[in-house]
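Visitor: Handing you this structure, nothing more for now.
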Amino acid sequence: MDPLGTVRAIHVAPEAGAPMRPRETVEAIAGRGLRGDRYFAERGTYSASARRTARDLTLIEAETIEALEREAGIDLPAGAHRRNLTTRGVALDPLVGERFRVGAVVCEGVEPCAPCSYLERLLDIDGLHDALVDRGGLRARIVDSGRIAVGDGISGPGAD
């Protein structure tokens, strides 16, 4: 199956509020998340949430980040959006409720990753929350474990 898009960047943070760190590759563990990330270690801001599995993996479109700068003058440094994967060439919202692949890793889109006021406060960027409404990315569950690398294709829906 031809990829819909690609992984442009990978970021993890070891604990809540810590700066996101770039990675070239990362191990994705089914039902847990990305090894080295705050939610894998259950040290994320929202780790106590009953919906923790929806935080295995978060994705955001590079096109959204570019639109923030173009439309609202908001220049987000790499990883500042606090999503794990930055994608290019794939619309993420249609993946809610669908299985898809990131490289060899099978994922399932759980829900849109709505912006929160926490991100705006953490980055001290007025208007960031409003600029991300309806385009904050995707929360996904990792169904089958594997490695994800920058440049990997994203294929689906229906990947298994």
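FYI, it's all coordinate maths here, none of it is from the lab. What you are looking at is a predicted structure, and each value in this text was computed from that prediction instead of being measured.
Visitor: ³J(HN,Hα) across the stretch 125-141 via Karplus (A = 6.51, B = -1.76, C = 1.60, θ = phi - 60°), whole Hz, x for Gly/Pro?
Guide: Per residue, the Karplus-derived 3J(HN,Hα) values read 10, 4, x, 5, 4, 5, 5, 9, 4, 6, 7, x, x, 9, 9, 9, 9 Hz.
Visitor: Any chance you could run the full-extension gain for A16 through D134? It's 0.36 nm times the residue separation minus the Cα-Cα distance, nm to one decimal.
Guide: Values: separation 118, 0.36 × 118 = 42.48 nm, distance 2.38 nm.
Value of the extension gain: 40.1 nm.
Visitor: Moving on to the next point. Taking 0.36 nm per residue of separation and subtracting the Cα-Cα distance, what length does fully extending E98 through E71 add?
Guide: Working: separation 27, 0.36 × 27 = 9.72 nm, distance 3.00 nm.
Roughly 6.7 nm would be gained on extension.
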